[in-house]
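Student: One structure, as structure tokens, below. Some questions next.
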Amino acid sequence: MRYSFRLTAIWEAFRVATASLRANKLRTALTLIGIVVGVTAVIAVVTIIKGLDQTVAQTFSSQGSTVFSISKNPQIIKSREEFIKANRRKDVTHEDAEAIARLCPACWRVGIAANAVETVKYADQKAENVRIRGVDPTTMFDIDGVTIDVGRIWSDTEGASGRDICVIGADMLKNLFSDAPSDRAVGQEIRIDGRPYLVLGVLEPLGSIFGFSRDNVVYIPYSTYQKAYGGRRSLVVFIQVPDAGQLEIAEDQVRTIMRNRRGHATDEDEGFALETQDVFLNLYGSATSNIYLVTIGVAAVSLLVGGIVVMNIMLVSVTERTKEIGIRKAVGARRKDILTQFLIEAVGVTAIGGAIGVGTGFGLAYVISALIGFPLLISVTSAVLGVACSSIVGIASGMWPAWRAAKLDPIEALRAE
Amino acid sequence: MSDATLTLTPPEHAENEIKPRLEIDGHDPSMLISMRNIWKTYQMGTESVHALHGVSFDIPRGEYIAIIGPSGSGKSTLMNLIGCLDTPTQGEYWLNGKNVSEMDDDELARIRNQEVGFVFQTFNLLARATALHNVELPLIYGGVGASQRHEMAKKALNAVDLADRITHKPNELSGGQRQRVAIARALVNHPSILLADEPTGALDSHTSMEIMDLFERLHSEGNTIIVVTHEHDIADRAHRVISIRDGQIEKDERIK
Ligand SMILES: Nc1ncnc2c1ncn2[C@@H]1O[C@H](COP(=O)(O)OP(=O)(O)OP(=O)(O)O)[C@@H](O)[C@H]1O
Ligand SMILES: [Mg+2]
């Protein structure tokens, strides 16, 4: 019979719920806050980390997972013990690199690099905190994944000669040559720590990662670097294999070569650090998973608080509208009808909160991505998830108040004022 | 079930006296309403308040009945039971051939929706809704589609002479108009019975008479009506008067 047809009652519930939310704007707004904060946190963090993930993936794939390094000091030192251990080691030298190149059949390219940070000048222009990278041989450019834009790289004979020549990163154009076309810089003389260097070429820009430019660099031959900064500094040997599948074999071979050269390695330390990009990726991964955990905590707490607020406000709403419930029951509303009415109201308010949270979350992520410089990846899944989560909070916290409303006795409810 | 106590006082005008047909075991299927030995007891702490004790009567279709009695005698309690807003503590209530006293919450809601039209002393309209929406409310919970619903609600409002007030909210209507909206709401679903608990209690005497004229007209159109009142000139308009005192029927007589 027609009484069992309830779509009309559900529509009425929807109508009443929206009217009630609109009539109590301030209360609705207060109810929203907890939910908005929770969803904003989740959406912002998920979006930001997704953007960072993409940046990291792109950055490391430019060098590829085919490169590993041998050095005295690991690039990431995780403890004081490690630091002390590393400082006791012998320096990694040019000879080590030569031995590896000679004795490791799986190694494709072998190069050395040492870094210094200096101020670079051209005419009255000045660039600070520039990475001066002494490299040998020129295959180090390929290992680093950089390519020449204008001009040329030095030849290997030039490189061995110790002449004061250089190839500059894209930032040098901007900072020293006021963004002039690249060919304007070629043939000019720049000064690093007072020494004049002839610019042979300009590199293609790589962009920045986490706000740090990767183009703020000047490459010089290692022989020149040695003259300018002394040969006593420990250097880093970079090894590249033709494809990632050979990485392990090459690592084993290099390890054996290095152990033989070190003679007696102690039990606790093999005397050198062998690192792949996995070190960075692992560190990055553990950092982001910690951030995720904290965010989930923040979101859970604010959704919980938001849920409690919703429950309280729904209880107030039920009390306020006891008479209305009585009237509805008197003319034939069943428990289900009243239950749905208040559930729709609770879910409505939390879903709106969720939607606002999704918006502000993306907004926040946009601002941060613009500041730090990584792509903004808007994910529909996380938006849907945000609204769904807050709706579930709505159902959970609205259930009890709605049930209390539904089982009100019609006569007692009608007596209420 | 059959041994309901007969608590009626001996009649003075025996020819008008209506006796409940207690000789019939259970209910009388020819009747619209059959109440058999109805008790309603409220537990107030350790004390039991018997709002009704052992009430029995029959009401055939098409009657116009007034229930009178002093304050606190149990009139509203009885009306709420008849209107299925409440259930008896003990006894049997048959409405339109169905044993209402054994129904659960949702079944009672269905009866209230389909079989009963209730008019309250304080109107009990939804304050934020228009007259039309208030009248539509029973149809909404009855699952009637929008266009048919508007049609029926407008017709009901027309029947109480409020066709020109359908978009007004209760606070934009006079007391008499509000009560007429409530009556339209009670009638919109074509219930078996129209119940009114002191429908004129909140109205001035002129408006009261208008409302009572309306009831008279509705009765003449075939509706079964029960009105609770303690005003004698209102009770005099009914065709049968049931007097209640201390939760029992004191007198049950036909006056027209
Ligand atoms: N919920 C309740 N709890 C306890 N006692 C109640 C309750 N409802 C009614 N009563 C008692 O039942 C008796 C009958 O009450 P009822 O409301 O039916 O009287 P009434 O005849 O309608 O009176 P009035 O003319 O004043 O409206 C009264 O003594 C009242 O105190
Ligand atoms: Mg009363």
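No lab work stands behind these numbers, since they all come straight from the coordinates. Worth saying up front: this structure is predicted, and the values here are computed from it rather than measured. Cβ sites come from the backbone with ideal geometry, for glycine too, and all protein chains shown count toward neighbours.
Student: Antiparallel as a % of all DSSP beta bridges within the protein assembly as shown, to the nearest 5?
Tutor: Bridges in the protein assembly as shown that DSSP calls antiparallel: roughly 70 percent.
Student: Using +1 at the C-beta of Lys and Arg and -1 at the C-beta of Asp and Glu, which of A:190, A:69, A:168 has the Cα lying farthest in the positive direction of the dipole of segment A:67-276?
Tutor: Of the options given, the answer is A:190.
Student: What does the extension gain come out to for residue A:7 and residue A:380, with contour length at 0.36 nm per residue minus their alpha carbon separation? The partial results should precede the final answer.
Tutor: Working: separation 373, 0.36 × 373 = 134.28 nm, distance 3.03 nm.
Working it through step by step, the gained length comes to 131.3 nm.
Student: What length, rounded to one decimal in nm, is gained on full extension from residue B:221 through to residue B:171, with 0.36 nm per residue of separation minus their alpha-carbon distance?
Tutor: Values: separation 50, 0.36 × 50 = 18.00 nm, distance 3.02 nm.
Taking 0.36 nm per residue and subtracting the Cα distance, the gain is 15.0 nm.
Student: Taking Cα atoms of segment A:67-276, Rg/Rh with Kirkwood Rh, to two decimals? Spell out each step's value before the answer.
Tutor: Numbers: Rg = 18.0 Å, Rh = 18.1 Å.
That ratio equals 0.99.
Student: While we're here: Suppose only helical runs count, i.e. DSSP H with n ≥ 4. What mean residue ellipticity at 222 nm does that imply for chain B under -39500 (n - 2.57) per run, divided by all residues and rounded to the nearest 500 deg cm²/dmol?
Tutor: For chain B, the value works out to -9000 deg cm²/dmol.
Student: Still on this structure: Quote the FRET efficiency, to the nearest 0.05, computed for residue B:42 versus residue A:282 with a Förster distance R0 of 60 Å and r equal to the Cβ-Cβ distance.
Tutor: It comes to 0.25.
Student: Can you compute the charge dipole magnitude of chain B about its Cα centre, using +1 on each Lys and Arg Cβ and -1 on each Asp and Glu Cβ, nothing else charged? Give it in debye, rounded to the nearest 20.
Tutor: 820
Student: What residues of segment A:66-100 lie in the reach of a label at residue A:248, counting those whose backbone N is under 19 Å from a point 7 Å from the Cα along Cα→Cβ?
Tutor: Label zone hits: A:66-69.
Student: Hey, if you put +1 on the Cβ of every Lys and Arg and -1 on every Asp and Glu Cβ in segment B:11-254, which of B:120, B:145, B:90 ends up farthest toward the positive end of that dipole?
Tutor: So the residue we want is B:145.
Student: Can you give the FRET efficiency for residue A:336 and residue A:65, using 1/(1 + (r/R0)^6), R0 = 45 Å, r = Cβ-Cβ distance, to the nearest 0.05?
Tutor: FRET efficiency, residue A:336 to residue A:65: 0.15.
Student: Hey, which lysines would be in cross-link range of residue A:329, C-alpha to C-alpha under 17 Å, not counting anything within fewer than 8 residues on its own chain?
Tutor: Of all the lysines, those that pass the test against residue A:329 - Cα under 17 Å, at least 8 places apart if same chain - are A:407.
Student: Of B:18, B:108, B:171, which is farthest on the positive side of the dipole of segment B:11-254, counting Cα position, with +1 on Lys and Arg Cβ, -1 on Asp and Glu Cβ, and the Cα centre as origin?
Tutor: B:171
Student: Same structure, new question: Per residue of chain A, what 222 nm ellipticity follows from adding -39500 (n - 2.57) for every DSSP H run with n ≥ 4, rounded to the nearest 500? Could you put the intermediate results ahead of the total?
Tutor: Values: 15 runs with 244 residues, N = 417.
Computed ellipticity for chain A at 222 nm equals -19500 deg cm²/dmol.
Student: Cα atoms only, segment A:116-216: Rg and Dmax in Å?
Tutor: Taking only Cα atoms of segment A:116-216, I get Rg and Dmax of 12.7, 37 Å.
Student: Further question on the same structure: Once you put a point 7 Å from the Cα of residue B:253 and another 7 Å from the Cα of residue B:164, both along the Cβ direction, what distance in nm separates them?
Tutor: Placing both labels 7 Å beyond Cα along the Cβ direction yields 4.5 nm.
Student: Taking 0.36 nm per residue of separation and subtracting the Cα-Cα distance, what length does fully extending residue A:301 through residue A:139 add?
Tutor: 53.0 nm
Student: Compute the acute angle (0 to 90°) between the alpha-carbon long axis of helix B:105-114 and the principal axis of greatest extent of the alpha-carbon atoms of chain B; round to the nearest 10°.
Tutor: 60
Student: Lysine pairs in segment B:11-254 with Cα distance under 17 Å, only those 8 or more apart or on different chains: how many are there? Show your work: numbers first, answer last.
Tutor: Details: B:19/B:251; B:40/B:75; B:75/B:251; B:154/B:169.
Close lysine pairs under the 17 Å cut-off: 4.
Student: Could you state the orientation-averaged shadow area of the convex hull built on the Cα atoms of segment B:11-254, in nm² to one decimal?
Tutor: 14.1
Student: Provide the packing ranking of A:34-44, B:112-122, B:238-248, i.e. peptides ordered by the mean count of other C-beta atoms within 10 Å per residue, highest first.
Tutor: On the way: A:34-44: 26.5, B:112-122: 22.8, B:238-248: 19.6.
Going from most to least packed, we get A:34-44, B:112-122, B:238-248.
Student: Just checking the output field for A:296-308: average partner chain Cβ neighbours within 10 Å of each residue's Cβ?
Tutor: 0
Student: Using only Cα atoms and rounding to the nearest 10 degrees, what angle (0 to 90) does helix B:205-220 make with the longest principal axis of chain B?
Tutor: 80
Student: Right, something else. Between residue A:411 and residue A:90, what is the label-to-label distance in nm when each label sits 7 Å out along the Cα-to-Cβ direction?
Tutor: 10.1
Student: Same structure again: With a Förster radius of 56 Å, plug the Cβ-Cβ distance of residue A:54 and residue A:316 into 1/(1 + (r/R0)^6) and report the FRET value to the nearest 0.05.
Tutor: 0.75
Student: Taking the Cα centre of the protein assembly as shown as origin, sum charge times position over the Cβ atoms of Lys and Arg (+1) and Asp and Glu (-1), and report the length of that vector in debye to the nearest 20.
Tutor: Values: 69 positive and 79 negative charges, 285 e Å.
Roughly 1360 debye, rounded to the nearest 20.
Student: Within 10 Å of each Cβ in peptide B:110-116, how many partner chain Cβ atoms are there on average? Round it to a whole number, please.
Tutor: Working: counts 5, 1, 7, 7, 4, 1, 3.
Shielding by partners across B:110-116 averages 4.
Student: Calculate the spin-label point distance for residue A:262 paired with residue A:77, positioning each point 7 Å from the Cα along the beta-carbon direction, and give it in nanometres.
Tutor: 1.6
Student: Give me the lysines in straight-line cross-link reach of residue A:78: C-alpha distance below 24 Å, same-chain residues under 8 apart excluded.
Tutor: Straight-line reach from residue A:78, under 24 Å: A:90.
Student: Ok, one more. Under 13 Å from the Cα of residue A:72, which aspartates and glutamates turn up, not counting those fewer than eight places away in the same chain?
Tutor: In chain and number order, the partners are A:82, A:91, A:96, A:269, A:270, A:275.
Student: Take each of the peptides A:71-77, A:411-417, average the number of other beta-carbon atoms within 10 Å over its residues, and list them starting from the highest.
Tutor: Details: A:71-77: 16.0, A:411-417: 14.4.
Highest to lowest by the protection proxy: A:71-77, A:411-417.
Student: Normalised by the empirical 2.2 N^0.38 Å for globular proteins, what value does the Cα Rg of chain A take?
Tutor: For chain A, the normalised Cα radius of gyration is 1.51.
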